[in-house]
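Below is one structure, written out as C-alpha cells; comments come after it.
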C-alpha cells in the first residue's frame, strides 16, 4: 500500500502531524509513505525512517509571480504518477485539498472541521473532527479514521522521539554545550510579533536560572533580539544553523523555553523538557502537555476561529512564573 500525506506548512504544524507516522508504520510495516511539503520545511522531515520520499512544492512563490502556477501544477502532476492508494490531507486548506485531489483518491477533514470549508469539496471522503480539538489529536483522529486503526491519547503520551538528524549535524552544535551545568535553550522568535515573549523578561529569567544559556534565532530581527539579551546576560548566541542542526541542538538540551513556534515544538517531538509560552493562541489546542512538557499562557479562553494578532497578552505573563516552572523541570 502506498499513501501520500499532504501537510505543506508551517513548521510546528508539520511536527504536530509527523507524530502519526510511527503509529501508521506500526499498524502496517509494509506501507509506503510519501510526504508533500513546502520546500522551506523539507529539513523538518529529513532523515525520518518512516518516510519513503519527501516531495516538495513551492506554492508560496505563486503569490509573487502567477507564472509559477503552471510550473507547480506540472510538478504536482508528476507526483501523481506514483499511483497512490490514498492521499491524506492533514492541512485542511483549499490549496492543500487541491494538491491532494491531483495526487489521487484523497481524504481530509469535513466542511465542519476546518476554517476553509470549501476544501472538503475536493476529497473523495471527508471526516468530522472538531476544529476546536487539540491539533495533535485532530491529526491522529483523521489518520485513524482514514486507515481504520486507533491512535489513542495514551499512545501519544508514550510516543517515541520522531525528529531525526545525522552525526554531522550533532558535531556542529557540540561546542555550545558545557558539562556540569544545565543547558537551557531559548527560542526567541515566532510567526507573529504578538506571540513573542519580551526580551526584558527573558533577561530576567536568564539572570535567575543557573545554567548555560543558549539563544536561538532565525531572522535578522531575532538576531538583534538575541544580541540585546546577550548584552545584559551571560547567554551565548548560537550561530545561524539549519533545521537539521536545530534538531540536534534541541535533542541535547536540558530545557527549552520559547513561544508557540515550530522550534519550541521540536522539544515535545524529541521528548525534551520544555516550557511553551502562549499569548494570543490557544495553549490547550496547540500542544500536548506531558510531565516534562509544560505550558504557561495568559489565563484566558481563546477561540481558535477568532485569533487576534494584536493581542499582546503574552507581555503580561510574569517571568517569575516561568522561572519557578523551569526550576521544577531542571530539578
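The conditions of being farther than 12 Å from residue 18 by Cα and surrounded by 20 or more Cβ atoms within 10 Å (Cβ to Cβ) are met by residue 169. Against the conditions (1) at pLDDT 95 or above; (2) surrounded by fewer than 21 Cβ atoms within 10 Å (Cβ to Cβ), residue 115 satisfies every one except (1).
Taking (1) in contact with a helix residue (DSSP H, G or I) (Cβ under 7 Å, 6 or more places away or on another chain); (2) within 20 Å of residue 148 (Cα to Cα); (3) touching a residue at least 60 places away in the same chain (Cβ under 8 Å) in turn, residue 35 satisfies each apart from (3).
The helices (runs of 4 or more DSSP H) found wholly in region 17-64 and carrying at least 2 residues that are more than 16 Å from residue 143 (Cβ to Cβ) and modelled with pLDDT of 95 or more occupy 42-45.
When residue 114 is tested against (1) under 26 Å from residue 281 (Cβ atoms); (2) in contact with a helix residue (DSSP H, G or I) (Cβ under 6 Å, 6 or more places away or on another chain), only condition (2) is not met. Tell me whether region 287-294 contains one or more residues that are surrounded by fewer than 20 Cβ atoms within 10 Å (Cβ to Cβ), more than 14 Å from the chain's Cα centre (by Cα) and farther than 28 Å from residue 178 by Cβ. Within region 287-294, one or more residues are surrounded by fewer than 20 Cβ atoms within 10 Å (Cβ to Cβ), more than 14 Å from the chain's Cα centre (by Cα) and farther than 28 Å from residue 178 by Cβ. Could you list all residues from region 156-215 that are in a helix (DSSP H, G or I), touching a strand residue (DSSP E or B) at 6+ places or on another chain (Cβ under 6 Å), closer than 30 Å to residue 51 by Cβ and free of Cβ contacts under 8 Å to residues at least 40 places away in the same chain? Of everything in region 156-215, nothing turns out to be in a helix (DSSP H, G or I), touching a strand residue (DSSP E or B) at 6+ places or on another chain (Cβ under 6 Å), closer than 30 Å to residue 51 by Cβ and free of Cβ contacts under 8 Å to residues at least 40 places away in the same chain. When region 70-81 is filtered for residues that are under 18 Å from residue 6 (Cα atoms) and either surrounded by 10 or more Cβ atoms within 10 Å (Cβ to Cβ) or touching a residue at least 40 places away in the same chain (Cβ under 8 Å) (or both), the ones remaining, listed by number, are 72, 73, 75, 76, 77, 78, 79, 80. State whether one or more residues within region 299-317 are out of contact with any strand residue (DSSP E or B) (no Cβ under 6 Å at 6 or more places or on another chain), closer than 15 Å to residue 274 by Cβ and crowded, with 17+ Cβ neighbours inside 10 Å. No, region 299-317 contains no residue that is out of contact with any strand residue (DSSP E or B) (no Cβ under 6 Å at 6 or more places or on another chain), closer than 15 Å to residue 274 by Cβ and crowded, with 17+ Cβ neighbours inside 10 Å. Inside region 233-251, residues that are touching a helix residue (DSSP H, G or I) at 6+ places or on another chain (Cβ under 8 Å), surrounded by fewer than 16 Cβ atoms within 10 Å (Cβ to Cβ) and over 20 Å from residue 14 (Cβ atoms) make up a count of 3.
Does residue 97 meet the test of being at negative phi and crowded, with 24+ Cβ neighbours inside 10 Å? For residue 97, the condition - at negative phi and crowded, with 24+ Cβ neighbours inside 10 Å - is met.
The values are calculated or read from the model by the stated rules, or taken from the named source; none is laboratory data. No experiment lies behind these values; they were computed from the predicted model shown. Ideal geometry is used to build each Cβ from the backbone, glycine not excepted, and the neighbour counts take in all protein chains shown.
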